[in-house]
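I have placed the structure first, in the form of structure tokens, so that the comments after it can refer back to it.
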Amino acid sequence: MTDLIDAILDSLQRHTLSKSVRVINYDETPTGKLELKIRCRLTQVYQLQIWLHRDLTFLDYAYQLFTDHPILRWDNAPHYPHLATAPHHFHMEDATVYESALTGRVLDDLKQVLAESEKWLAKNT
């Protein structure tokens, strides 16, 4: 899993939006369980947080663009089973929930999250 974490950190550090990156929480067991939280400062007030929790049979994830409140959020908690992409879903700043194109493939998802965050920031800042 260290290769994945290194790839996540590398992707964040190389992205044009990124000002700084830090690991907030990292815990990995010899049996492969992982809990990881990373924060990436994008501007003075905007941050991107990545949270991953992997067990032997599943990967839970949450990505969040935020300031002092959530703005854009992607996750795969099983709260919206009626969505075609369930459990994957996307929360807008106004709390509406939509289908999500994320799949749980972390590096692919991260590219998409960064691209969507970049679009939102370009439009709203």
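What follows draws every value from the coordinates through simple rules; no lab data is involved. Note that the structure is predicted; figures quoted are calculated from it, not measured. Counting neighbours? That spans all protein chains shown, and the Cβs are built from the backbone with ideal geometry, glycine included.
Structural remarks
- J(HN,Hα) series, the stretch 57-62, from Karplus relation 6.51 cos²θ - 1.76 cosθ + 1.60, nearest Hz, glycine and proline x: 10, 8, 10, 9, 9, 8
- For the stretch 78-95, backbone phi angles converted through the Karplus equation (6.51, -1.76, 1.60; θ = phi - 60°) give residue-by-residue couplings of x, 8, 10, x, 6, 6, 4, 9, 3, x, 5, 8, 9, 10, 7, 4, 7, 6 Hz, Gly and Pro being listed as x.
- Packing here is the average count of other Cβ atoms within 10 Å per residue, and on that basis the peptides 21-32, 88-99, 47-58, highest first, run 47-58, 88-99, 21-32.
- Karplus-derived 3J(HN,Hα) values for the stretch 13-23, using 6.51 cos²θ - 1.76 cosθ + 1.60 with θ = phi - 60°, are 5, 7, 5, 4, 6, 6, 9, 7, 9, 8, 8 Hz; glycine and proline are entered as x.
- Residue-averaged 222 nm ellipticity for the chain, from DSSP H runs of 4+ at -39500 (n - 2.57), nearest 500: -8500 deg cm²/dmol
- Alpha-carbon centroid distance for the pair the stretch 12-60 / the stretch 88-116, whole angstrom: 15 Å
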